[in-house]
Ligand code: ATP
């Protein structure tokens with residue numbers, strides 16, 4: 001059914017205050033928020049508003065979160081689609097899905113379109129290790145390029161796409177007037193991990209004086225998604241132990257559990 005083709009949400013609940021760290025990336029996407037809110041101001045001197053930007057970085061670093069926050073800050077609808085959804089698609093469906101997505105976004109503009117895992121459809125032609133039909137993937141990619149070229153400068157739909165493999169993308173995607181801006185979303189450093197802990201500790205009943213600086217130091221290499229996981233796991237561990245609030249040891253146990261999980265995952269991958 002059409003309803004399952006893609007998600008459309010006016011998600012004004014997610015804003016920049018939900019995105020910890022990533023100061024540089026937030027500054028760059030703030031411009032996109034301004035373009036969406038005030039297009040006439042920017043086009044008044046003959047400039048063209050960018051059509052797309054690529055969010056590049058490792059898994060779980062907040063690319064989807066940041067894209068949602070752009071829509072939330074600008075108070076515009078958020079349409080999203082994941083490249084990996086195309087893997088098992090019948091011939092012709094990918095291209096028509098892209099067409100529908102752009103049509104709906106244009107009808108509701110100003111709007112954000114978000115394409116997660118764009119590498120699943122945007123791999124350089126002829127270099128695919130894509131498991132589905134390669135023709136189908138290329139048709140989908142071509143439709144995406146056609147749509148981006150087709151919308152005029154006054155459409156006011158901005159396409160954000162995420163990938164952790166910018167190097168494998170078809171260069172045609174990065175040409176002027178397409179995804180000609182790249183925004184890096186890196187793993188957090190220790191200070192940013194502390195900020196991420198603070199965001200995810202907001203809804204949690206924690207011991208008074210719980211030291212987030214200590215927690216940040218215990219989690220080198222963790223992504224934002226890993227930290228969100230630690231906070232949730234710690235709350236469950238404390239609840240299982242019948243505690244009234246979550247303490248330092250619960251967090252350490254949660255960190256151990258998540259490190260164990262990550263090691264297992266890496267073993268399977270290698
Ligand atoms: P993937 O590449 O795996 O799709 P992603 O970069 O899109 O990952 P998100 O889906 O945005 O990552 O992150 C997953 C979750 O991790 C978020 O919903 C949020 O709870 C948490 N998270 C990640 N980064 C941050 C951050 N910088 N600040 C706060 N929370 C974060």
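Every read-out reported here was derived from the displayed coordinates using simple, explicitly stated rules and does not represent laboratory data. What you see is a predicted model, and the numbers here were worked out from it, not measured in a lab. Glycine also receives a Cβ, built like all others from the backbone with ideal geometry; neighbour counts cover every protein chain displayed.
Fully extending the segment from residue 171 to residue 198, taken as 0.36 nm per residue of separation minus the present Cα-Cα distance, adds 5.8 nm. Here the range 141-178 and the range 198-270 have alpha carbon centers that stand 37 Å from each other. By the helix-only formula, in which each DSSP H run with n ≥ 4 contributes -39500 (n - 2.57) and the sum is divided by residues, the chain has a 222 nm mean residue ellipticity of -14500 deg cm²/dmol. P(r) tail for the range 167-266: Cα pairs beyond 18 Å make up 53% of the total. Counting only alpha carbon atoms, the long axis of helix 63-74 and the longest principal axis of the chain meet at about 70°. Here the average projected area of the convex hull drawn through the C-alpha atoms of the range 29-75 stands at 3.4 nm².
For the chain, the longest principal axis of the Cα atoms and the long axis of helix 134-150 meet at an angle of about 70 degrees.
Helix 224-240 axis versus longest C-alpha principal axis of the chain: approximately 40°, rounded to the nearest ten. Once the C-beta distance of residue 249 and residue 18 is scaled by a Förster radius of 30 Å, the resulting FRET efficiency is 0.60 to the nearest 0.05.
Note on residue 256/residue 100: beta-carbon distance plugged into 1/(1 + (r/R0)^6) with R0 of 51 Å gives a FRET efficiency of 0.65. Using the Cβ-Cβ distance between residue 265 and residue 236 with R0 = 22 Å, the FRET efficiency computed as 1/(1 + (r/R0)^6) comes to roughly 0.65.
Out of every Cα pair in the chain, what percent are spaced more than 34 Å from each other?
27
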